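Notes follow the structure.
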Amino acid sequence: MIRKFGKVVLWSLFLVALPMVAGAEDGSGGDGKWGYALGAGLAIGLAGLGCGIGQGLTAGNTTAGIARNPGASGTMFTSFILGMVLIESIAIYALVIAFMLQGKI
């Protein structure tokens, strides 16, 4: 498992470094804007990943809690909706940051 993770990290670093090598080949040094594109992609990608995991855990635990105690479903559902809204706000912040970084390209 660790060996497979190491390969994924190595290939990811290779793919990130590839534009730098291609830009340095012509001697111009590049315009330096590829970092903004990479930052925008990472911002929305990692936030989407984290929010998806958080929402899945929240939904699963709320469903399990309601299955154990159906009488408390009203209060659990209210907390569930509030938690989902707060988790989704992180994805919206990442989207705003991605758009701001995209505007600099």
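The values are calculated or read from the model by the stated rules, or taken from the named source; none is laboratory data. Treat the numbers as computed from the prediction; the structure is a model and nothing was measured. When we count neighbours, we look across all protein chains shown, and the Cβ atoms used for this are built from the backbone with ideal geometry, even at glycine. Calculation scope for accessible area: heavy atoms of the full protein, side chains included, ligands and nucleic acids excluded. Shrake-Rupley method; radii C 1.70, N 1.55, O 1.52, S 1.80 Å.
One chain, two ends: LEU13 and GLN102. Fully extended at 0.36 nm per residue, the span grows by 29.9 nm beyond their Cα-Cα distance. Using a 1.4 Å probe on the protein heavy atoms only, what accessible surface does TYR36 show? Give it in Å² to the nearest 10. The accessible area comes out at roughly 90 Å².
The label point for LEU49 and the one for THR75, both projected 7 Å from the Cα toward the Cβ, are 3.7 nm apart.
The accessible-area ordering, largest first, of the residues PHE80, PHE14, PHE5 stands as PHE5, PHE14, PHE80, per a 1.4 angstrom probe.
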